[in-house]
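The values are calculated or read from the model by the stated rules, or taken from the named source; none is laboratory data. These figures come from a predicted structure and were not determined experimentally. Cβ placement follows ideal geometry from the backbone for every residue including glycine, while neighbour counts extend to all protein chains displayed. SASA here: full protein model, heavy atoms, side chains in, ligands and nucleic acids out. Shrake-Rupley method; radii C 1.70, N 1.55, O 1.52, S 1.80 Å.
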Amino acid sequence: MVIEAIPSPGAEAVGQPADELSRLSDILLARGALDNRTLDRARRVAADTGGRLDRVLTQLGMVSERDLAEALAELVGSVLISPADYPEAPLFVDRLKPKFLHKARALPIADTPDNVILAMADPLDGFVSGSIAAALGRPVAIAVAVPIEFEAAFNRLYPESESGQGGAHSGDIVSDAEPSEEDTERLKDLASEAPVIRLVNQLIARAVETGASDVHIEPFEDRLRIRYRYDGALHEAEPPPARLRAAVVSRVKIMSRLDIAERRLPQDGRIRLSVRGQEVDFRVSTIPSLNGESVVLRVLDRTAVEFDFVKLGLPDDVRQALERVFDLPNGMVLVTGPTGSGKTTTLYTGLLKLNSTVRNIITVEDPVEYQLAGINQIQVKPQIGLNFATLLRSILRHDPDVIMIGEIRDLETAQIAVQAALTGHLVLSTVHTNSAAATVTRLRDMGVEDYLLSATLKGVLAQRLVRRLCPKCKIPEPAAPIMIERFGLDRLVPPGQEISLYRSAGCPECRDTGYRGRRAIAELLVPTQEIDRLIFQRADQGAIERAAVADGMRPIFDAGLLAVIEGDTTIEEVVRCIRSEA
C-alpha cells in the first residue's frame with residue numbers, strides 16, 4: 001500500500017476552522033450523500049449543541065460513516081483504507097498505548113522507510129497526528145479509516161485492552177467478570193455502558209450500510225460470532241470480545257423492548273432507528289441456546305427494497321400475466337416458495353399497484369414487514385387469540401376490495417380465504433410449496449374442496465431468488481457442449497445462436513463473492529379450463545404441471561436457465577436454489 005504523506009493539520013487546527021467543515025459540506029453535497037435541507041438542519045443542531053458538524057451528521061444518521069470517510073479522504077487528499085490494509089499484529093506497542101490509540105481513533109498500519117502510515121477516523125485532528133509523530137520520532141502519512149472498520153481492527157489487534165470496546169470508559173468492567181445469569185440488574189447496567197451501546201450501534205449501522213438482510217449474533221463457549229447475510233449467504237465479521245456475550249444480547253433486547261430477565265423462552269421484538277437519515281426497522285428474534293441466547297435481526301430497510309416487478313427480475317411475459325391476474329375483481333392469487341424467496345415482496349409490489357382511493361385494501365400479516373402508505377395493515381397476535389382466521393372474519397365486515405393474508409397455514413384460514421374470494425373479494429396470500437402445481441395438492445391436503453379450488457384459484461406464482469453475478473467482475477466463457485446437452489440450453493435460444501455462460505470472479509464491489517444482489521426466477525400457473533377439469537378430477541400435481549406447460553407455462557428451472565443465458569447468474573446458483581437435478 002503506497003500513500004502519499006500529507007501535511008499534518010497541526011495542533012492549532014484541533015478546533016477545526018469553519019472553512020474546512022464548509023469544504024467538507026460541499027464535497028458531501030457534490031457526491032449526493034447529503035442535500036441542502038438536511039445540511040441546514042445539521043448546522044442548526046451543531047450550533048445548538050456546540051458539536052462538530054461532521055459528527056452531528058453521523059450521530060443523527062444523516063450521512064453514513066463510509067460516505068463521510070470518503071468525503072474526508074477527498075478533503076485531505078489521502079486514500080480511504082479497507083479492512084485488508086490493517087496489519088496482522090499491532091505496531092509500536094512499546095511506544096503507543098492502546099488506550100490512547102482507541103480514544104484518538106488512530107492506528108499505525110505500516111512502517112515504511114519514509115514514514116509511518118497512520119489510519120485515522122478523524123484525519124482533521126492535527127493534535128493526534130502530531131502527537132503520534134512526536135512519540136515515534138518519525139513523520140506520519142495520514143490515511144482515512146471508516147470508523148466501523150477501525151473498531152473491528154482495533155478489537156482484533158488489542159483483544160485484551162481495557163480501552164477496547166469492552167472496556168473504554170468503564171473501569172469497573174473486568175475482563176473475566178462475565179455477569180451472572182441471575183444478576184439481571186448487573187446485566188442491565190453492563191448493557192447500558194457506553195462501549196456496549198457503541199458496539200451494538202456499530203453492528204447495526206454496518207448491516208444497513210453494507211446492505212445486509214440479517215444480522216446473526218450467536219454465543220459460543222469461547223466467542224460471540226457475528227454473521228451478516230448478503231444475497232442469501234452468510235459472511236462472518238470480526239467478533240467482539242467474548243466477555244461481552246451476555247451484555248451485547250441484553251443490549252439488543254433492551255432496544256427491542258424485550259424482557260432481559262427471561263432467557264429460557266424465545267422472544268420477538270422490533271427496533272426502529274434512524275440510519276443515513278432514513279427510518280429503518282429491525283425485526284428481532286431471540287432463542288435460548290447452550291451458551292446463552294442467539295439473536296437474529298432482520299433488516300427491514302424500506303429504501304433498500306424496490307417494489308417493482310421489472311427490478312425484481314420477472315420477465316415481461318410473466319409480469320404482464322401476473323398484473324392481469326392482480327387486476328381481477330375477485331378470486332384467489334397465491335405466491336409460493338420456501339422461506340426467503342421474496343414472496344412478501346412480490347405481494348407488496350402487487351398491492352402498491354392496486355393501491356388507490358377507490359379500493360379498500362386490508363392486510364393481515366405475521367409480522368408486518370414493511371409499512372405501506374394508504375393500506376390498512378394488521379399484525380396478528382396469537383398470544384391473545386388474534387390469529388389469521390379470527391381477523392379475517394372481522395375484516396370482511398369492513399367491506400374490503402382486496403385482502404392480503406400473510407400465509408395460509410391451516411384449513412380454517414384457507415376456508416375463510418376461499419369464502420372471501422367467492423363473495424367478491426380479491427384475496428392474495430402465500431403458501432409454502434415447491435412448485436405452482438404443488439399448491440393445489442397442498443390446499444387439497446389442508447381440506448379445501450376441489451370444486452372450491454377450481455372456482456376461486458386465479459393464479460399461482462412459484463418463485464425463488466438467485467444471486468446475480470457481479471457486473472464488474474463476471475467473466476464470459478463459451479458454454480461447454482456437455483453443459484448445453486445436459487441442461488438442454490440450445491432449446492432456449494434461437495437456432496444457431498452461440499451460447500456463452502458467465503462465471504464469478506470476485507472483486508471489492510461484491511466482497512470477493514462474485515455475486516451482487518438477487519433476482520427472482522418464477523413460474524406462473526394461470527388455471528385454464530383443462531386445468532380446472534384436472535383439479536376437479538383430483539389429478540396429481542404432475543398432471544396439472546404437464547397441462548400448464550402445454551398451455552404455455554415456463555417451468556421455474558427453465559426460467560433459471562434463461563437467466564443463466566442472459567448472463568445474470570450461474571447454473572450452479574440455479575441448481576442450488578431450486579435443488580433440481582437435470
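Computed FRET efficiency, Cβ-Cβ of residue 310 and residue 88, R0 35 Å: what is it to the nearest 0.05?
Approximately 0.15, to the nearest 0.05.
Tell me, what ³J(HN,Hα) does each residue in segment 369-379 have, in order and in whole Hz, if you take phi through Karplus 6.51 cos²θ - 1.76 cosθ + 1.60 with θ = phi - 60° and put x for Gly and Pro?
7, 10, 8, 10, 5, x, 10, 7, 10, 10, 9
Give me the percent of the accessible area of the chain that comes from carbon and sulfur atoms, probe 1.4 Å, all protein chains in place.
Details: 13170 of 26980 Å².
Looking at the chain in its full context, I get 49 percent from C and S.
Can you pull out the GluC sites (Glu not before Pro) in segment 522-582 whose DSSP state is coil and whose Cβ has at most 10 other Cβ atoms within 10 Å?
Those that pass, being in a loop and sparsely packed, are 581.
Picking from 513, 25, 389, whose Cα lies most toward the positive end of the charge dipole for the chain (charges on Cβ: Lys, Arg +1; Asp, Glu -1)?
Value computed over the given set: 389.
Under the Karplus relation 6.51 cos²θ - 1.76 cosθ + 1.60, θ = phi - 60°, what is the ordered set of whole-Hz ³J(HN,Hα) values for segment 467-477, x standing for Gly and Pro?
Computed from phi, the couplings for segment 467-477 are 6, 7, 5, 5, x, 7, 10, 5, 10, x, 9 Hz.
Out of residues 5 or more away from residue 64 or on other chains, whose amide H comes under 5 Å of its own, with H placed 1.01 Å from N in the peptide plane?
none
What is the dipole size for the chain, taken about its Cα centre, with +1 at each Lys and Arg Cβ and -1 at each Asp and Glu Cβ, in debye to the nearest 20?
840
If you keep only loop residues by DSSP, which GluC sites (Glu not before Pro) in segment 186-275 have at most 15 other Cβ atoms within 10 Å of their Cβ?
Those satisfying the criteria are 221, 262.
From the Cα gyration tensor of segment 351-405, with a ≥ b ≥ c the square roots of its eigenvalues, which class applies: rounded if a/c is under 1.5, or else prolate if a/b is larger than b/c, or else oblate?
Oblate is the answer for segment 351-405, as a/c is 1.5 or above yet b/c matches or exceeds a/b.
In percent, how large is the relative contact order of segment 211-254, given Cα pairs closer than 8 Å and 6 or more residues apart? The partial results should precede the final answer.
Values: 60 pairs, mean separation 13.7, N = 44.
Reported relative contact order: 31 percent.
For the pair residue 451/residue 20, report the inter-label distance in nm, with labels modelled 7 Å from Cα in the Cβ direction.
Spacing of the two 7 Å Cα→Cβ label points: 8.2 nm.
As an exercise, use a Förster radius of 35 Å and the Cβ-Cβ distance of residue 540 and residue 198 to find the FRET efficiency, rounded to the nearest 0.05.
Working: r = 58 Å, r/R0 = 1.66.
That gives a FRET efficiency of 0.05.
Under 1.5 on a/c is rounded, so check that first for the chain, then, if it is not, pick prolate when a/b is larger than b/c and oblate when it is not; a ≥ b ≥ c are the square roots of the alpha carbon gyration tensor eigenvalues.
prolate
Any idea how far the Cα center of segment 265-327 sits from the one of segment 463-484, in Å?
Cα centroid of segment 265-327 versus Cα centroid of segment 463-484: 26 Å apart.
Mean separation of Cα pairs under 8 Å and 6+ residues apart, divided by the residue count of segment 198-343: what relative contact order is that in percent? Walk me through the numbers on the way to the answer.
Working: 207 pairs, mean separation 27.7, N = 146.
The value is 19 percent.
Over the chain, what is the relative contact order in percent, taking alpha-carbon pairs closer than 8 angstrom and at least six residues apart?
Relative contact order for the chain comes out at 9 percent.
Residue-wise, which Karplus ³J(HN,Hα) couplings in Hz belong to segment 324-329, taking 6.51 cos²θ - 1.76 cosθ + 1.60, θ = phi - 60°, and x for glycine or proline?
5, 5, 5, 7, 5, x
Can you pull the one-decimal nm distance between simple spin-label points at residue 353 and residue 223, each 7 Å off the Cα toward Cβ?
Each label point lies 7 Å from its Cα, and together they span 4.6 nm.
What's the FRET efficiency of residue 528 with residue 41 using the Cβ-Cβ distance as r and R₀ = 56 Å, to the nearest 0.05?
Numbers: r = 57 Å, r/R0 = 1.02.
Given R0 = 56 Å and the Cβ-Cβ separation, E is 0.45.
Any idea how far apart residue 60 and residue 210 come out in nm if each label point goes 7 Å out from Cα toward Cβ?
Placing both labels 7 Å beyond Cα along the Cβ direction yields 2.8 nm.
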